[in-house]
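Trainee: Below are the structure tokens for one structure; questions will follow.
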Amino acid sequence: MNVTDIQCPPAKNYIAGSFQGANGRSMEVINPADGSVISTVPLSGKEVLDEAVEAATKAFPAWSALTLKERTQVFYKFRQLLEENMQELSDLVSLENGKTFGEAQAEVLKGIELSEFACSLPTLVNDEIQEVSKGVECRTSHVPIGVVASIAPFNFPFMVPLWTIPNALALGNCMILKPSELVPLSAQRIAELLKEAGLPDGVFNIVNGDRDIVEAICDHPGIEAVSFVGSTKVAKIVYKRATANLKRCLALGGAKNHLIVLEDANPEISAANIAASMSGCAGQRCMAASAMVGVGKIDHIVQQICEESKKIVPGKNLGSVISAAAKERIERYITEAEAAGARVLVDGRNTTVPGKEGGYYVGPTVIDNVTPDMAIAKEEVFGPVLAIMRTDDVDEAIRIENSSNYGNASSVFTESGGMANYVMERVSAGMVGVNIGVPVPREPFSFGGWNESRFGVGDITGKSSIAFWTKLKKRTTKWEAKAWKDWAS
Ligand code: NAD
């Protein structure tokens, strides 16, 4: 393994406001941009989780007893700290994940937006009150659930944890975060900044680890709810195991996002959006364009996508993928598609970046003449690869999209409002767009896919997350001096 001059302190577990070193298994943290070892991360056992749950359980009564307005004060300050530390946080995200500095900065900005949303919760959590019978009043209140867990993937080490932390905590819960063991460092700074922002000890805890700790979270009797973001394979495992243990669970899985390109689409806008969507964060976004279905005569658009893709240079405006195994998997998909008859128009295989020969780079790749039965058309590749299928019939394009097991996002490219609506109404995805490569709903709108891209009810961010992080108490009161009597008395 290479060793560079960049070394970070070992990642630690964070329990009851203190960082604790590993006293069991651990593994190296690699900078995927050059293959160097930058830190280590503990692979904790169940006993560490027990400690974290105990700390969170102890912190819960006082934290949940505060008003929502009081709790959100922490996130005003946290938001300000994120702004003040933007450069350092972006450097850290880029270092551990391999994405470019610009992409890392966009991720931190998104974290700021998520914290802002939490600050707006007091105006959004509207409890209802109504006189339902003479002298009898019903009132709902959103009550925190208790100790909750959040399990995160590698591709957004900063943003995905912040999908859950501000809302879950502001709504009165105490949390155990399990970051991806591949990118544990950004979460360390999140813990430090939350403490600096005034969060009481024990409200937020980190337990690092791998599969063992995820299973322990799903089984732990002290944890009431589990949120998960990662691959569909693991989302299914977590959803089944957590709900079998009678926990509330929301598990977001992988994606295979289809872009449907009609022949009247604006070539410049479409090509720029599609190339950026396919290659942004090295294609390691659950919202990335992965499969494109061109309808009719679209050769000129495909040509322009190739030209745009060639402007994307590994090591400059394209980061690395996460690991050697990821690079190998992505290149295998390309090679197998080519062997099955697809045409590789832009080839990102065997890419190296001078000075970073140990890094895991795949260049932007555009493959034409893909057929819907090929693995590259159906499976999540999670790299900067666009698989292009062709048809002359928009309904056939919609059928191809509908046949996917996933359902995170889908976009249509056209100048016709009618056709855009026609496609949007028929695609089977939770987040749909027109003439946009990455149709991510910004706050206060919520984020979440359909089908095998999400298990559970509701979305993970925005207003929709309020229902996940709270339970409703319904109070009925009768304060009436005079004794009314009717059927509801
Ligand atoms: P992953 O499923 O491999 O890992 C996610 C988490 O699960 C990690 O914390 C990991 O430690 C843990 N884990 C891994 N294998 C496990 C197992 N067998 N049992 C229990 N826990 C296990 O995902 P990843 O590779 O880190 O992230 C990439 C995936 O996440 C892609 O599929 C991507 O589409 C998906 N993702 C989805 C969304 C979304 O919003 N739907 C957002 C981001 C990423």
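Trainee: Can you list the aspartates and glutamates whose alpha carbon sits under 17 Å from that of K463, skipping same-chain ones fewer than 8 residues off?
Mentor: Candidates past the 8-residue exclusion: E113, E116, D127, E128, E443.
Trainee: Only Lys, Arg, Asp and Glu count, each charged at its Cβ (+1, +1, -1, -1), so figure out the dipole size of the chain about its Cα centre, rounded to 20 debye.
Mentor: The calculation lands at about 1600 debye.
Trainee: Restricting to the chain, what percent of DSSP beta bridges are antiparallel, rounded to 5?
Mentor: That works out to approximately 40 percent antiparallel.
Trainee: With label points built 7 Å along Cα→Cβ from the Cα atoms of N405 and E137, find their separation and express it in nm.
Mentor: Distance between the two pseudo-spin positions: 5.3 nm.
Trainee: In a Debye calculation with equal point scatterers on the alpha-carbon sites of region 257-434 and no solvent, what is log10 I(q)/I(0) at q = 0.09, 0.10, 0.11, 0.16 Å⁻¹?
Mentor: Debye intensities relative to I(0), on a log10 scale: -0.28, -0.34, -0.41, -0.88.
Trainee: Tally the DSSP beta bridges in region 50-178 and give the antiparallel ones as a percent, rounded to 5.
Mentor: Antiparallel bridges make up about 45 percent of those DSSP assigns within region 50-178.
Trainee: While we're on this one: On a straight-distance basis, which aspartates and glutamates could pair with K327 in a cross-link, Cα separation under 15 angstrom, same-chain partners fewer than 8 positions away excluded?
Mentor: D34, E336, D347, E357, E380
Trainee: Report, to the nearest 10°, how far helix 232-244 tilts away from the longest principal axis of the Cα atoms in the chain, using its own Cα long axis and a range of 0 to 90°.
Mentor: 20 degrees
Trainee: For the cross-link pairs K256/K471; K247/K473; K58/K471; K46/K110; K110/K473, which exceed 22 Å when the distance is taken from alpha carbon to alpha carbon?
Mentor: Going by Cα-Cα distance, K256/K471; K46/K110; K110/K473 fall outside the 22 Å limit.
Trainee: What does the highest-first list of 352-365, 172-185 look like by mean Cβ count within 10 Å?
Mentor: 172-185, 352-365
Trainee: Related question: Using only the C-alpha atoms of region 1-106, find the volume of their convex hull and express it per residue in Å³.
Mentor: Per residue, the Cα convex hull of region 1-106 comes to 127 Å³.
Trainee: Output the Kirkwood hydrodynamic radius of region 197-294, Cα pairs only, in Å rounded to one decimal.
Mentor: 16.5 Å
Trainee: Ok, one more. Specify the angular offset, from 0 to 90 degrees and rounded to the nearest 10, of the alpha carbon long axis of helix 324-339 from the longest principal axis of the alpha carbons in the chain.
Mentor: Once rounded, one gets 50 degrees.
Trainee: Another question, if that's okay. Could you tell me whether the chain comes out rounded, prolate or oblate from its Cα gyration tensor? Rule is a ≥ b ≥ c as square roots of the eigenvalues, rounded for a/c under 1.5, then prolate if a/b exceeds b/c, otherwise oblate.
Mentor: oblate
Trainee: Also: With everything on Cα atoms, drop me the angle between helix 46-65 and the longest principal axis of the chain, reported from 0 to 90° to the nearest 10.
Mentor: Here the helix axis deviates by roughly 60 degrees.
Trainee: Turning to a different aspect of this structure: Counting other Cβ atoms within 10 Å, which GluC sites (Glu not before Pro) in region 390-465 have at most 15 and lie in a DSSP loop?
Mentor: E415
Just so you know, all these numbers are worked out from the coordinates, no wet-lab data involved. This one's a predicted model, so the numbers in the text were calculated from it and none came from an experiment. Ideal geometry is used to build each Cβ from the backbone, glycine not excepted, and the neighbour counts take in all protein chains shown.
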